1. Would you confirm, using the coordinates I've provided, whether residue 106 is in a strand (DSSP E or B) and either touching a residue at least 40 places away in the same chain (Cβ under 8 Å) or more than 21 Å from residue 155 (Cα to Cα) (or both)?
2. Among the residues of region 116-149, which ones are within 19 Å of residue 73 (Cβ to Cβ) and of a type in the set (A, V, I, L, M)?
3. Consider region 124-143. How many of its residues are under 23 Å from residue 20 (Cα atoms), part of a loop (DSSP other than H, G, I, E, B) and either free of Cβ contacts under 8 Å to residues at least 40 places away in the same chain or among the aliphatic types (A, V, I, L, M) (or both)?
4. Starting from residues that are small (Gly, Ala, Ser) and out of contact with any strand residue (DSSP E or B) (no Cβ under 7 Å at 6 or more places or on another chain), keep the ones in region 133-158 and report whichever is nearest to residue 69 (Cα to Cα).
5. Out of region 16-66, which residues are surrounded by 21 or more Cβ atoms within 10 Å (Cβ to Cβ) and among the small types (Gly, Ala, Ser)?
6. How many residues are assigned to a strand (DSSP E or B) and touching a Leu at 6+ places or on another chain (Cβ under 9 Å) when one looks only at region 153-168?
7. For residue 176, which of the numbered conditions (1) surrounded by 16 or more Cβ atoms within 10 Å (Cβ to Cβ); (2) of a type outside the set (D, E, K, R); (3) modelled with pLDDT of 95 or more fails to hold?
8. Could you please give the count of residues in region 133-153 that are surrounded by 12 or more Cβ atoms within 10 Å (Cβ to Cβ) and either at pLDDT below 95 or small (Gly, Ala, Ser) (or both)?
Amino acid sequence: MPCAAAEITVKGNKVYVLGTVETGDDQKFENAVKPYDGPMQVILHSAGGRLRPALNIGSLIRERRWTTHVEYTCKSACPMIWLGGIKHTKTQAAQIGFHSAGDVHTGGMSPAGNALILSFLTDLGYSEAVGRYVTGSKTITYLTRDEAKRLGIQMEIVAPTIPWRTFANVNLRKAPDPLPSP
């Protein structure tokens with residue numbers, strides 16, 4: 001039985017994407033933001049989820065020329081959404097963690113998933129070095145200010161502005177719903 005997908009809400013000029021990114025969340029995101037064409041900031045708090053919806057959300061953010069922000073946690077598929085922003089911010093304590101695409105059926109790395117990530121990053125204008133960094137490890141690698149600078153990822157460190165209670169009920173341990181067997 002499917003579990004809860006990411007919570008996607010619009011409050012003023014902010015779009016919140018909280019929790020596990022599931023299949024269909026890209027359409028849910030698109031529907032939620034359809035009426036908004038002005039400047040928006042996408043606030044992320046997620047331990048990841050499904051890759052394709054995350055890439056689609058990131059692409060839509062880039063098309064709209066919106067900014068992205070992480071106050072606390074953005075790992076796995078979530079940083080693909082974050083990289084979609086035209087401007088990226090995070091707090092000093094925020095963790096942005098990358099890893100290679102995984103094959104949900106074998107548990108190993110997914111060459112097809114990594115190819116999707118590389119294509120997405122190239123389409124957004126990122127260098128091959130960013131692609132190697134993002135897909136280079138099966139374990140999570142946290143982006144530091146120095147690594148961002150070395151890779152040419154524009155990242156601004158900002159003071160925290162969103163109260164923790166906004167994120168307190170988000171389950172960061174929920175795994176994505178199982179996909180059907182091939």
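1. So residue 106 fails the test.
2. 134, 140, 143, 148
3. The qualifying residues number 5.
4. 152
5. Of everything in region 16-66, those that are surrounded by 21 or more Cβ atoms within 10 Å (Cβ to Cβ) and among the small types (Gly, Ala, Ser) turn out to be 19, 46, 47, 48, 49, 54, 58.
6. 1
7. Answer for residue 176: the failing condition is (3).
8. Of the residues in region 133-153, 4 are surrounded by 12 or more Cβ atoms within 10 Å (Cβ to Cβ) and either at pLDDT below 95 or small (Gly, Ala, Ser) (or both).
The values are calculated or read from the model by the stated rules, or taken from the named source; none is laboratory data. Just so it is clear, the model here is predicted, and its values are computed rather than measured. As a convention, Cβ positions derive from the backbone with ideal geometry for all residues, glycine included, and neighbour counts pool all protein chains shown.
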